[in-house]
1. Name the residues in the range 264-304 that are charged (D, E, K, R), at pLDDT below 85 and out of contact with any strand residue (DSSP E or B) (no Cβ under 9 Å at 6 or more places or on another chain), would you?
2. Can you tell me how many residues in the range 159-182 are open to solvent by 10 Å² or more (accessible area, probe 1.4 Å) and touching a Phe, Trp or Tyr at 6+ places or on another chain (Cβ under 9 Å)?
3. If you go through the range 58-98 one residue at a time, how many are assigned to a loop (DSSP other than H, G, I, E, B) and modelled with pLDDT under 85?
4. Looking at the range 342-358, which of its residues are assigned to a loop (DSSP other than H, G, I, E, B), more than 18 Å from ALA320 (Cβ to Cβ) and open to solvent by 10 Å² or more (accessible area, probe 1.4 Å)?
5. Suppose the filter is closer than 17 Å to ILE40 by Cα and of a type in the set (A, V, I, L, M, F, W, C); does ALA172 pass it?
6. So which residues in the range 273-323 are open to solvent by 10 Å² or more (accessible area, probe 1.4 Å), among the polar types (S, T, N, Q), in contact (Cβ under 8 Å) with a residue 12 or more places away in the chain and assigned to a helix (DSSP H, G or I), if there are any at all?
7. From the set of residues in the range 135-155 that are over 11 Å from the mean Cα position of the chain (by Cα) and of a type in the set (Asp, Glu), which is most open to solvent (accessible area, probe 1.4 Å)?
8. Restricting to the range 166-196, count the residues that are in a loop (DSSP other than H, G, I, E, B) and of a type outside the set (Ser, Thr, Tyr).
Amino acid sequence: MPRQNLRCRFQKKNMKKILILSANPKNTNQLRLDEEVREIQSALERSRSREEFQVITKWAVRINDLRRALLDEEPQIVHFSGHGINTGNALLNNNQEQTRERDIVPRHLQPSGIVLEDGFGQTQLVSTKALTELFELFKDKVECILLNACYSENQSNAIYQYIDCVIGMNSAIPDNTAIKFSVGFYDAIGAGRTYADAFKFGCNNIDLNNIPGDLIPVIKSRNSSKSLFLPNSKETKANMSGGGRTINMGSGNYNERIQGNYVQGNYYAGGEKQSLVDAAAEIQKLLEQLDKSYPNNTTTGKMAIATEAIEYIDSNQALAQRVLSALKAGGTQALAQLLNHPAASFVIGALDDWQKTK
């Protein structure tokens, strides 16, 4: 397998994407959406994992833009920033220029939801049914959706049936409050925290800045353990079968304790996945050897380690067969939980591509 092609496919697979969609139609009060995007980018750029993700921004988004952006980018996080409409607001008379709430006071009854721009730059309500059906088509790609607009909770509830983590707003939200939530949320995402934790950081940041609204954001999360990045560390689990075993790779540094055949949520009955453990040990030793040739603290170095590791495995027929058998038995995610190396997530992504060619 040519090294250049491997790296290209590998980099696309492992780079996590955050798609920020903004809409501020001409007939609505002007929000500080550019400031929100700047704060999000700043939060991510200063993070220790800044090389692990890519931020894509789309402005003045229309219906067609929404669909095309999702198709073109295939993001893991979708962030909408803009206005929302609420049916019950027909009798309200807010001074929007002063409060800058992300909510439009409708002149007639309309369903709740976010608004994009039409072909003339005016408001266009997004149907909850259509929006939900659209995200159903991306349920295998999108991990988290954040609708940072007023009265978006109803739509977030509907989308939740297909997307594991969705965040919406249960009332009108002031512009500054929405920005503070985003800052706290993406500070935590950049640190590799779970989406559920990031939500709490976002709400806490509102409270820390002594502004109202920390109870406005609401989250529905089906998998509180999922984070933006693949895990690079292990956690000892409770003993499920009355005993444990220690695997020591001799001269290597790989010393992983597995309690009761239970590893990071995967229950292995009676040693059926021993091949996975053995393969992980061989790959671990290989990565430690490659540390002598490449730096493991840079993206380029990690990619080089992953590339060399795959080429070595591919050139060693016996090892390649053992690794393929292990992946068939437990999958790449289970293997990832057994590796303890800075380039582990890069290797897992490359292995996922590699096994598809076999």
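1. GLU272
2. 5
3. 7
4. PRO342, the sole residue that qualifies.
5. Working: closer than 17 Å to ILE40 by Cα: no; of a type in the set (A, V, I, L, M, F, W, C): yes.
For ALA172, the condition - closer than 17 Å to ILE40 by Cα and of a type in the set (A, V, I, L, M, F, W, C) - is not met.
6. Result: SER275, THR299.
7. So the residue we want is ASP140.
8. 6
The values are calculated or read from the model by the stated rules, or taken from the named source; none is laboratory data. Quick caveat, the model's predicted, so the values are computed rather than measured. Every residue, glycine as well, gets a Cβ built from its backbone with ideal geometry; the counts of neighbours run over all protein chains shown. These accessible areas exclude ligands, DNA and RNA; they are computed on the full protein's heavy atoms, side chains included. Shrake-Rupley method; radii C 1.70, N 1.55, O 1.52, S 1.80 Å.
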